[in-house]
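The values are calculated or read from the model by the stated rules, or taken from the named source; none is laboratory data. Treat the numbers as computed from the prediction; the structure is a model and nothing was measured. So basically every Cβ, Gly included, is an ideal-geometry build from the backbone, and we count neighbours across all protein chains shown. Calculation scope for accessible area: heavy atoms of the full protein, side chains included, ligands and nucleic acids excluded. Shrake-Rupley method; radii C 1.70, N 1.55, O 1.52, S 1.80 Å.
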Amino acid sequence: MKKNLLSLCLSLSLLAAVPAGVNAAQNDANTAPAISSQTLRNLSWTPLVPPVTQDVTLGTSSAEINQGEIQGAVGAFALPADRGSLEITLTSIATGKTVYAPNVLVLDEQMRPAAFYPSSYFPYQKPGIVSSDRLEGTLKLTPALGQKQIYLLVYTTRQDLADTTQMVNPAKAFAAGVGNAVPDIPDPIARHTPTGTLSLKVTAEQKTGNVMIGQIFPSSAPAAAAPVVVGSTQAPAPAAAPAKPSEPMLSDSETYFNDAIKKAVKAGDVDKALKLLDEAERLGSKTARKTFIESVKH
């Protein structure tokens, strides 16, 4: 009786060490696509030692997984498990009218699924003065003691590839950012692709995060729980570096910036006109500089 009571107390104390949000999420954690252990072990895992910011291009020459629902290029990363809690901000940068919709599967040291973040966890973020269109989310993980490293697999799915992302016209975003009237122009739609551009920012801190990665029981205990879907730990993240435009600016956007430059010069606000010129050229304008020069001459 005493032995059973001691075991019960020990079990309760271990469960208390796991954040409540994780236990609640486990009830819905059966949506992660299955990946064979052989496929995982055949991947080349890129080490990320915090603090670090890593830009990654997932192209036609990158590793791919075409298994079940998973389709296209993948990113595979190994992170240290002895640096305390890890905070990972994952950004997928839109290029032109395309974007890679990321899913993240977190694996413990034995490459067993420990946490799953579907593409819905990485919502669209509109462009700003120094940021571009992107999908972005933040993961907070706490590796269990005794592990040397954990793994992050980034991939997209067939369902994601069938979807699109509604973006915000950059001219609208800029107008809102500088306090101008928002123009009535259409917003672009980004097609989801099996390749893309990622940015990962990883930091470590010696305090408990939101998701425990790896078993908190001895190795002789039963296997770890099934993958978990966590949707309540997202936090604001630093803006991603702007992506260089891959195509000319839309005609409506050209007109908006050119008119705004002319008005700023006419009002004698050359600094504002220069800011508009810089933003327009960053977004792919081919006529903003000519408009600025001609406005100043007159």
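How do S119, S37, S61, S131 stack up against each other in accessible area, from largest to smallest, with a 1.4 angstrom probe?
I get S61, S37, S119, S131, largest accessible area first.
Taking 7 Å along the Cα-to-C-beta vector as the label spot, tell me the T57-R289 distance in nanometres, rounded to one decimal.
Each label point lies 7 Å from its Cα, and together they span 2.4 nm.
Can you tell me the relative contact order of the range 94-191? Whole percent, Cα pairs under 8 Å, sequence separation 6 or more.
Dividing the mean separation by the residue count of the range 94-191 yields 32 percent.
Please give me the summed charge of the neighbours of F122: other residues whose Cβ is under 12 Å from its Cβ, Lys and Arg +1, Asp and Glu -1.
Net of charged neighbours comes to -1.
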